[in-house]
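Visitor: Could you have a look at this structure, given as structure tokens, before my questions?
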Amino acid sequence: MNASIDKEIVLVLLMIGASALPLRAQETDLSPRFRLAQNFEQAGEWERAIALYEQLLEAEPQNYMFFDGLRRGYTNLKKYDKAIDLVRQRLTIQKDDINLLAIMGGLYYQSGSAQAADSLWNIVIEGDRKNSVRYRLVASQMIEFRLYEKAIRIYLAARIATENMDQFVEELALLYAALQQYEEATHEYVRMLRSKPQQLSYVQARIAAFTGREEGRKAAIKVARQEVRRSPNDLSFHALLAWLYIEGKEFDSALSEYRIIDRLSNADGGELFQFAQRAMQEQAYPAAARAFREVVDEHPEHRMIPYARFGFARAVEELSIGSDTLTGIRIERPTGLPQTGMKDRAEPVSETRPSFQGAMSLYEALVSDYPSSDVAMQAFYRIGTIRYQRFFDLDGALSAFDGLRAFPLSSPLQFEATVSSGEVYTAKGDLLKARREYLSLLPTAREQQRDQILFRLAELDYFEAGFDTALARLKGITSNVNTDLANDALQLQYFIQENKASAHVALSEFAAADLLMRQHKYSESLSRFIEITRAYPPALLLDDGMMRLSELHLLLHQAGAALEVLRQVANEMPSSILRDKAQLRIGEVYEKVLKNDAKAIEAYEGILIKYPSSLYVEEARKRIRLLRGDTI
């Protein structure tokens, strides 16, 4: 330590022992002036705030709030000498105040005198090396000035000096994480978990701050594995490791941990069941299927067996969807057109029957084994859905939905079954029965259900060219703009309004062709749409019709023809608002149907080049990165 710094420190210590300064008479009420000073401070008018704080402190020298406000003012204006002198004077009032000494150390550091700062901080600690508070005060000052590594050393020194190795866990963990030393951070949280296993959820929440980074998650897994090996019967460490695996989508590894958790906790399959449900939510269907199957096979007496069997059937169904011929590409309706029963799923094709038959058998067994139960109702609903969406077995679907609706139990599934029955009747071409199904629900429907029914009725009006009636129904739905249903209603409303006056005949024919598509009469629908696009080339719905043609070509396994139509929209219809969407679909056809990654990338890049302001830009970038194998 040099002579000048020694002199400063000695002066501070002498001032601590000095007599308190005489106090001036207090004003009767300083509150208005103090509030004004605070307002100036909040507004960043530090000079004016300082002037008031100086007056306030002169009037009431012992008031800490006045002192601290003035210190903040001096510090913010980098008047460090004045701030240091202010703290030195305060030490004459608050003798031996270690907090003030720590603050003064921070002021010396800010002024550029790091050595003086270290000297004062050492004085704070050396005053009582067994006192954890002193280490905390010093470390907090260091953290304020981003001296993270020095703060870590202070906390570690405190553990040794106080012989308490479990203190400052959170402080150290946060500092290690800030320095990207993720293994060390995890070690600290493991230390907390070891002493307080009930803190597992809290520890997970804290570790989640850095497990979003691959390097952070890997580091945390490494430490958790070490702890599992060290304490193989400790449930909390297995649970932590399983959670980390799930965070990284490593569901097979997570399942291995949950087998151990289930055994250690004597859960008799309960923990495996919980994991299986979580895996289903995360769309990890293979792991979910294995977990549900293990519950069924190895814990046959568990009370959740019916639900485990249903979960297994649902996982098998989802795995069947993954093996679908057309699952790779989603069949969508053009902007503004009504639902076609295909949104967010592939169209059913005949070759899907074998892959879905396993799920059907599982559901049918549930109906047989657990009659008049909630599980049987859910199984009936899934049977009806598969028969309609996957097999296009309309009579079989209606039979399943009727079986569900015959249950004496009251369930939201009965409402859904009735809506689905209406969709099936629409697909059969019996719009009268479809309308009756929907209308039967209106008297008892809740608000959200009512909107769904009105939308389905509006679709029927659209198919029958009752455009004014359809618009009247849609008007009551579009007020709630925060739902997908409202968005669909707005699109249909806009499509009808845009074309009703200018191309009423074309719109009527479009609706009839759209109904044919709903009925899976793809060849007939294709012919009708071709006629529409040829007969009404100036119509506003031309680009919508072209997009419909592309989807029909895909459904008929004519990928080349679909690409040709999409290129026409993207390249030859400059006024169309669907050009960027057509370009995206070109990429999807190459990627999902033709499995040509190079062409798909080229198509997605076309969006970035031709339509830089498109809503699909981010999706195109994501697809490009995935196809190239870039790290996202």
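The values are calculated or read from the model by the stated rules, or taken from the named source; none is laboratory data. What you see is a predicted model; the values in this text were computed from it and never measured. Cβ coordinates were reconstructed from backbone atoms using ideal geometry, including for glycine residues, and neighbour counts include every protein chain displayed.
Visitor: Residue check: is GLY216 small (Gly, Ala, Ser), surrounded by fewer than 15 Cβ atoms within 10 Å (Cβ to Cβ) and more than 29 Å from VAL133 (Cβ to Cβ)?
Guide: Values: small (Gly, Ala, Ser): yes; surrounded by fewer than 15 Cβ atoms within 10 Å (Cβ to Cβ): no; more than 29 Å from VAL133 (Cβ to Cβ): yes.
Spelling it out, it is not the case that GLY216 is small (Gly, Ala, Ser), surrounded by fewer than 15 Cβ atoms within 10 Å (Cβ to Cβ) and more than 29 Å from VAL133 (Cβ to Cβ).
So that you can scan it fast, the table gives a plain yes or no per residue for (1) surrounded by 17 or more Cβ atoms within 10 Å (Cβ to Cβ); (2) outside the structural domain of ILE607 (by TED's automatic domain parsing); (3) over 30 Å from LEU608 (Cβ atoms):
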| position | (1), (2), (3) |
| --- | --- |
| TYR494 | no, yes, no |
| ARG518 | yes, yes, yes |
| THR533 | yes, yes, no |
| ASP580 | yes, no, no |
| GLU588 | yes, no, no |
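Visitor: Among the residues of the stretch 133-166, write down those that are of a type outside the set (Asp, Glu), in a loop (DSSP other than H, G, I, E, B) and surrounded by fewer than 16 Cβ atoms within 10 Å (Cβ to Cβ). Before the answer, list the steps.
Guide: Initially, the stretch 133-166 is screened for residues of a type outside the set (Asp, Glu), giving 133-143, 145-148, 150-162, 164-165.
Then keep just the ones that are in a loop (DSSP other than H, G, I, E, B); that gives 145-147, 164-165.
Within the stretch 133-166, PHE145, ARG146, ASN164, MET165 qualify.
Visitor: Any idea which residue in the stretch 466-490 is nearest to GLN558 (Cα to Cα), counting only those that are surrounded by fewer than 17 Cβ atoms within 10 Å (Cβ to Cβ) and polar (S, T, N, Q)?
Guide: Applying the filter and picking the extreme gives ASN487.
Visitor: Separate question: So which pairs qualify, if the first residue must be in the stretch 154-183 and touching a residue at least 40 places away in the same chain (Cβ under 8 Å), the second must be basic (Lys, Arg), the Cβ gap must be under 8 Å, and the two must be at least 6 apart or on different chains?
Guide: Every condition considered, the pairs that remain are GLU183/LYS222.
Visitor: Turning to a different aspect of this structure: When only residues in the stretch 192-248 that are within 19 Å of the chain's Cα centre (by Cα) and β-branched (Val, Ile, Thr) count, which is farthest from VAL169 (Cα to Cα)?
Guide: Filtering first and then ranking leaves ILE246.
Visitor: Does the stretch 608-615 contain at least one residue that is surrounded by fewer than 18 Cβ atoms within 10 Å (Cβ to Cβ), within 16 Å of LEU566 (Cβ to Cβ) and not small (Gly, Ala, Ser)?
Guide: Initially, the stretch 608-615 is screened for residues surrounded by fewer than 18 Cβ atoms within 10 Å (Cβ to Cβ), giving 608-610, 612-615.
Add one more test, that the residue is within 16 Å of LEU566 (Cβ to Cβ), and what stays is 610, 614.
Pick out the ones that are also not small (Gly, Ala, Ser) and you get 610.
For the stretch 608-615, residues surrounded by fewer than 18 Cβ atoms within 10 Å (Cβ to Cβ), within 16 Å of LEU566 (Cβ to Cβ) and not small (Gly, Ala, Ser): present.
Visitor: Starting from the stretch 261-283, take each residue that is farther than 18 Å from ILE305 by Cβ and list its partners that are part of a loop (DSSP other than H, G, I, E, B), counting only C-beta distances under 7 angstrom and pairs at least six apart or across chains.
Guide: Hits for this filter: LEU264/ASN233.
Visitor: Since LYS130 meets every condition but one in (1) assigned to a loop (DSSP other than H, G, I, E, B); (2) within 45 Å of the chain's Cα centre (by Cα), which condition does it not meet?
Guide: Condition not satisfied by LYS130: (2).
Visitor: Right, here's the next one. Can you report the number of residues in the stretch 191-209 which are in a helix (DSSP H, G or I) and either buried (at least 21 other Cβ atoms within 10 Å of the Cβ) or among the basic types (Lys, Arg) (or both)? Reasoning before the result, please.
Guide: Start the filter on the stretch 191-209 by keeping residues that are in a helix (DSSP H, G or I), which leaves 191-195, 197-209.
Going one step further and asking which of them are either buried (at least 21 other Cβ atoms within 10 Å of the Cβ) or among the basic types (Lys, Arg) (or both), we end up with 191, 193-194, 203, 206-207.
Total satisfying the criteria: 6.
Visitor: Now a separate question. In the stretch 421-431, how many are at negative phi and part of a loop (DSSP other than H, G, I, E, B)?
Guide: The first filter runs over the stretch 421-431 and keeps only residues at negative phi, leaving 421-428, 430-431.
Among the residues that remain, those that are also part of a loop (DSSP other than H, G, I, E, B) are: 430.
Looking only at that region, the number is 1.
Visitor: On to the next question. Report whether or not PHE292 is in contact (Cβ under 8 Å) with a residue 24 or more places away in the chain and either surrounded by 15 or more Cβ atoms within 10 Å (Cβ to Cβ) or of a type in the set (Val, Ile, Thr) (or both).
Guide: Spelling it out, it is not the case that PHE292 is in contact (Cβ under 8 Å) with a residue 24 or more places away in the chain and either surrounded by 15 or more Cβ atoms within 10 Å (Cβ to Cβ) or of a type in the set (Val, Ile, Thr) (or both).
Visitor: Among ALA465, ALA434, which is the only one that is outside any helix (DSSP H, G or I) and at pLDDT 95 or above? Lay out the reasoning, then the answer.
Guide: Working: ALA434 fails: outside any helix (DSSP H, G or I).
Among ALA465, ALA434, only ALA465 is outside any helix (DSSP H, G or I) and at pLDDT 95 or above.
Visitor: Being surrounded by fewer than 20 Cβ atoms within 10 Å (Cβ to Cβ), of a type in the set (Asp, Glu) and within 26 Å of the chain's Cα centre (by Cα) narrows it down to one residue among GLU619, GLU572; which is it? Walk me through it before giving the result.
Guide: Values: GLU572 fails: within 26 Å of the chain's Cα centre (by Cα).
From the options GLU619, GLU572, the qualifying one is GLU619.
Visitor: Next question, about the same structure. Which of (1) over 26 Å from LEU516 (Cα atoms); (2) modelled with pLDDT under 95 is the odd one out, the single condition PRO348 does not satisfy?
Guide: Result: PRO348 fails condition (1) only.
Visitor: Can LEU615 be described as of a type outside the set (Gly, Ala, Ser), out of contact with any Cys (no Cβ under 7 Å at 6 or more places or on another chain) and part of a helix (DSSP H, G or I)?
Guide: On the way: of a type outside the set (Gly, Ala, Ser): yes; out of contact with any Cys (no Cβ under 7 Å at 6 or more places or on another chain): yes; part of a helix (DSSP H, G or I): no.
Against the criterion (of a type outside the set (Gly, Ala, Ser), out of contact with any Cys (no Cβ under 7 Å at 6 or more places or on another chain) and part of a helix (DSSP H, G or I)), LEU615 does not qualify.
Visitor: Condition first: in contact (Cβ under 8 Å) with a residue 40 or more places away in the chain and hydroxyl-bearing (Ser, Thr, Tyr). Now tell me which residues in the stretch 204-255 satisfy that.
Guide: SER236
Visitor: Does GLY44 count as exposed (fewer than 11 other Cβ atoms within 10 Å of the Cβ) and at pLDDT 90 or above? Talk me through it step by step, then tell me what you get.
Guide: Details: exposed (fewer than 11 other Cβ atoms within 10 Å of the Cβ): yes; at pLDDT 90 or above: yes.
For GLY44, the condition - exposed (fewer than 11 other Cβ atoms within 10 Å of the Cβ) and at pLDDT 90 or above - is met.
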